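The values are calculated or read from the model by the stated rules, or taken from the named source; none is laboratory data. Quantities reported herein were computed from a predicted structural model and do not represent experimental measurements. Neighbour counts run over all protein chains shown; Cβ positions are idealised from the backbone, glycine included. Note: accessible area is taken over every heavy atom of the protein model, side chains too, but ligands, DNA and RNA are not part of it. Shrake-Rupley method; radii C 1.70, N 1.55, O 1.52, S 1.80 Å.
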Amino acid sequence: MALRDLITNPATGRLSTSDSTLVGAFVASTAALLYATVTGQLSEWLFVGYLAAWVTQCQASKRAAIARDALPAKPEDTQ
């Protein structure tokens with residue numbers, strides 16, 4: 001798996017804005033957490049907040065995908 005696979009739409013192969021934003025947010029928040037750890041400023045609340053943010057995002061994404069899959073399929077144009 002390449003890094004490009006994380007930010008492209010598997011159906012079309014095109015760059016995905018939402019996936020790119022998500023990867024960027026993950027990299028930025030992880031860098032901030034690592035910086036706080038290296039400088040000795042890491043508190044348990046920062047760590048819990050980091051974990052809570054990513055668990056919440058993951059569950060919200062999963063819930064949205066389930067809701068999207070439950071919608072009826074769009075009828076195709078028959079012309």
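Scanning the stretch 43-79 for residues that are aliphatic (A, V, I, L, M), open to solvent by less than 70 Å² (accessible area, probe 1.4 Å) and over 22 Å from N9 (Cα atoms) turns up A52, A53.
Could you tell me whether S29 is without any contact (Cβ under 8 Å) to a residue 40 or more places away in the chain, open to solvent by 60 Å² or more (accessible area, probe 1.4 Å), polar (S, T, N, Q) and in a helix (DSSP H, G or I)? Taking the combined requirement at face value, the residue does not satisfy it. On the basis of being of a type outside the set (A, V, I, L, M, F, W, C), open to solvent by less than 80 Å² (accessible area, probe 1.4 Å) and either closer than 21 Å to A60 by Cβ or over 19 Å from the mean Cα position of the chain (by Cα) (or both), does T37 make the cut? In short, yes. Could you check the stretch 1-12 and list, in sequence order, the residues that are surrounded by 10 or more Cβ atoms within 10 Å (Cβ to Cβ) and either assigned to a loop (DSSP other than H, G, I, E, B) or among the aliphatic types (A, V, I, L, M) (or both)? Scanning the stretch 1-12 gives L6, I7, N9. In summary, T21 fulfils each of the numbered conditions (1) under 12 Å from the mean Cα position of the chain (by Cα); (2) on the phi > 0 side of the Ramachandran plot with the single exception of condition (2).
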